[in-house]
Amino acid sequence: MAGRMSSRVWYASYGSNMCRDRLLCYIQGGKLPTMSPEAPPYPGCRDTTHPASTAMYSIPYRLYFARNSKTWHRGGICFVDHREELEEGHAHHTLSRVYDITLDQFNDIVMQENAFRRDMELTHEHYEAFCSRGFGHSHTFPVPSWYNTVVCVGQLEGRPVLTFTCSEDQHDQPRIPAAASYLGILLQGLQEADLHLDDAVAYLAARFPHANAHTIIRSAASALEEGGKNADKGDKDSSQCGTHAEEDKQEK
């Protein structure tokens, strides 16, 4: 760890990383059982410390679904279009969940989001530019990757709020609906950030590229609710397993 940067940032996730368990795959390593079988496990960050705190945060950019993600059963995944700042109160602001992490951890998450590329790392000079220039300042890495652009979407407690998306020349790509497993993780993340499930369904349906968006997302919500009931039952069934139950929780 010697010689590495300790500057802290707020990482604003508007996609699957809103779900804490999903984010921890990037921090601690591993993968979720709902990911595609073909998706490799993540190596994790070099610093595996959990985020110091988290909160809901609104981003004044449009959210959209695009690409075909190998990790999420070849369905679309989330991006934000940073070419146009939306007015305050606009209906299509993007909800995100911000995490208090180090710049080193942010760099490691960006690397893992971009096929494990080590040539995508913000320097201290980049960090200072985000601090001084604030909202809207961006840095695009000169590599052909889906999430090759880091954007400052505000400041909290004197530190930059950073997210990543594609470069401006990629925003006009075709809109692709997401797989049910991805939608479930988005809904779970929004719920963890204290959004009611019905409100989370309405939020995603308004942005989902399909004529039957509400029906599709409501189905994913029903599956999430059913899974929660099964998990509750499993907790009761395993309440007498003692140490083994605790070990299972730690491995999750």
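A few comments on the model shown:
- Restricting attention to the range 153-175, the residues that are over 23 Å from A129 (Cα atoms) and of a type in the set (S, T, N, Q) add up to 2.
- Residues of the range 154-171 that turn out to be in contact (Cβ under 8 Å) with a residue 24 or more places away in the chain and within 19 Å of M120 (Cα to Cα), as a count: 10
- Breaking point among (1) surrounded by fewer than 21 Cβ atoms within 10 Å (Cβ to Cβ); (2) in contact with a helix residue (DSSP H, G or I) (Cβ under 9 Å, 6 or more places away or on another chain), for L204: (1)
- The residues in the range 107-153 that are at positive phi and in contact (Cβ under 8 Å) with a residue 40 or more places away in the chain can be counted, and the count is 2.
- Members of the range 172-195 that are of a type in the set (D, E, K, R) and without any contact (Cβ under 8 Å) to a residue 40 or more places away in the chain: D172
- Residue in the range 141-150 that is of a type in the set (A, V, I, L, M, F, W, C) and over 17 Å from the mean Cα position of the chain (by Cα) present: yes
- Pairing each residue of the range 201-215 that is more than 17 Å from Y14 (Cα to Cα) with any residue that is loosely packed, with under 14 Cβ neighbours inside 10 Å, provided the two are 6+ apart or on different chains, yields C-beta distances under 8 Å for A213/A206.
- Filter result (modelled with pLDDT under 95 and assigned to a loop (DSSP other than H, G, I, E, B)) within the range 212-241: S238, S239, Q240, C241
The values are calculated or read from the model by the stated rules, or taken from the named source; none is laboratory data. Please read these numbers as outputs of a predicted model, since none were measured by experiment. Because the Cβ atoms are built from the backbone with ideal geometry, glycine has one as well, and the counts that use them run over all protein chains shown.
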